[in-house]
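I have placed the structure first, in the form of structure tokens, so that the comments after it can refer back to it.
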Amino acid sequence: MSNQLLIAGCSNAAGYEISGIEDCKHNRRKSFGNQLAKKMGLEPVNIALGASSNPAIVRSVREWIAENGKPARVLVAFTELTRLDVPSPYKVWYGEMNPAVTWYNGYMDEFLQVNSGWEGANAEEKVIIKYWHDYQVRQEKMMWLQTINLQWGLQSYLKLENIPYTFCNTMYMYPNNNHEGFNHYCSQDYAHIDQSNYLYPRNNSKCFYWYYKNLGHENPLAKYWHHAEEPHALYADVLYDFIQNGARADLLP
């Protein structure tokens, strides 16, 4: 029987910039997912990649399980909802950008990860990304629906395979209220998301990065939106309590 905790997500789940370096083994060890694994007596398998979109994160989970079999549990740390995963006309070497990742089979190399604050690394990327940045701004409702169905599909797959799992959010996801008609357009599909396995699915103030940022935590070593070691340790405690007790523990210290 496996004793592995599979950890999937973006740079926040990888522990980027805890030490000031984007990706390294030390950062992975101190990330909230790896610390959660230690608390649960499991071996961490941290496959999170910097820049990942939610479609890429879901693909990583399916790909790892297809190649390696069932882990003891899966932790999926979803990133900013507006990030996109679009076909790329050339390979993007995401594996080389994440040297400390536990496993990577190239599942993201044929897709460009479109983040709202990134214009692109070269002229060709900038043309592609500019088009999709406009989509990010104009098509919020479409992204809600796409993401709900993405999560619903992964949830169904993990349940079908009898793999215990936990979902959480590291960045802004769904609106806290009926913003722009979320309930009107999304309530039918969203009703199928199992909230008993999902820590604060619709509370953006309690997603990992922004919760601790708003509490005043700063990482002087970070160039981008990444926390130091303490918020990772605190969030690992919250996730552990949620998994063990089935309750959304009050995140306030």
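Laboratory data are not the source of any read-out in this text; all were calculated from the coordinates shown. Remember, predicted model here, so these are calculated numbers, not experimental data. Note that we place each Cβ from the backbone using ideal geometry, even for glycine, and neighbour counts take in every protein chain shown.
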Q: Past 32 Å, Cα to Cα, is the threshold; run K25/K91; K38/K141; K38/K159; K130/K223; K91/K223; K25/K141 against it and keep the listed order.
A: K38/K141; K25/K141
Q: Find, to one decimal place in angstroms, the Kirkwood hydrodynamic radius of the chain, where the mean of 1/r is taken over every pair of different Cα atoms and then inverted.
A: 18.4 Å
**Q.** For F111, distant residues with modelled amide H under 5 Å away
**A.** S88, V92
Q: For region 16-29, just list the computed ³J(HN,Hα) in residue order, Karplus coefficients 6.51, -1.76 and 1.60, θ = phi - 60°, integers in Hz, with x standing in for Gly and Pro.
A: 3, 6, 3, 9, x, 8, 4, 10, 7, 4, 4, 4, 4, 4
Q. Tell me, how many Å apart are the Cα centres for region 21-35 and for region 213-227?
A. 15 Å
Q) HN-Hα J couplings of region 191-204 from phi, Karplus 6.51/-1.76/1.60, θ = phi - 60°, integer Hz, Gly and Pro as x? A) 4, 8, 6, 6, 6, 5, 10, 10, 7, 6, x, 10, 9, 4
Q | Relative packing of 14-24, 213-223, 130-140, 70-80, which averages over residues the other C-beta atoms within 10 Å, highest first | A | 70-80, 14-24, 130-140, 213-223
**Q.** Placed amide H near Y104: partners under 5 Å, 5+ positions off or other chain
**A.** none
**Q.** Relative exposure of C207, C186, judged by other C-beta atoms within 10 Å (fewest first)
**A.** C186, C207
(Q) If you restrict to DSSP beta bridges whose two residues both lie in the chain, what percentage is antiparallel, to the nearest 5? (A) 20 percent
Q. What FRET efficiency, computed as 1/(1 + (r/R0)^6) with R0 = 22 Å and r the Cβ-Cβ distance, is obtained for S196 and Y157, rounded to the nearest 0.05?
A. 0.80
Q | Whole-number percent relative contact order across region 105-253, with pairs defined as alpha carbons under 8 Å at least 6 apart | A | 18 percent
Q) So what is the diffusion coefficient of region 200-247 in µm² per second by Stokes-Einstein at 4 °C and 1.567 mPa s, using a Kirkwood Rh over Cα pairs? A) 111 µm²/s
Q: Note down the relative contact order for the chain as a percent, whole number, built from C-alpha pairs under 8 angstrom at least six residues apart.
A: 24 percent
Q: List, in order, the whole-Hz ³J(HN,Hα) value for each residue of region 40-54 obtained from phi through the Karplus relation with A = 6.51, B = -1.76, C = 1.60 and θ = phi - 60°; use x for Gly and Pro.
A: 8, x, 10, 8, x, 10, 9, 9, 4, 10, x, 6, 4, 8, 5
Q. Shape call for region 9-68 from the C-alpha gyration tensor, a ≥ b ≥ c root eigenvalues: rounded (a/c under 1.5), prolate (a/b greater than b/c) or oblate?
A. oblate
Q: Tell me what the chain gives for mean residue ellipticity at 222 nm when only DSSP H runs of n ≥ 4 count, each as -39,500 (n - 2.57), the sum divided by the residue total, rounded to 500 deg cm²/dmol.
A: -13000 deg cm²/dmol
(Q) With +1 assigned to the C-beta of every Lys and Arg and -1 to the C-beta of every Asp and Glu, and no other charges, what is the dipole magnitude of the chain about the Cα centre in debye, to the nearest 20? (A) 380 debye
Q) Under a 5 Å amide H to amide H cut-off, with H placed in plane at 1.01 Å, what residues pair with D85 once short-range neighbours are removed? A) V114
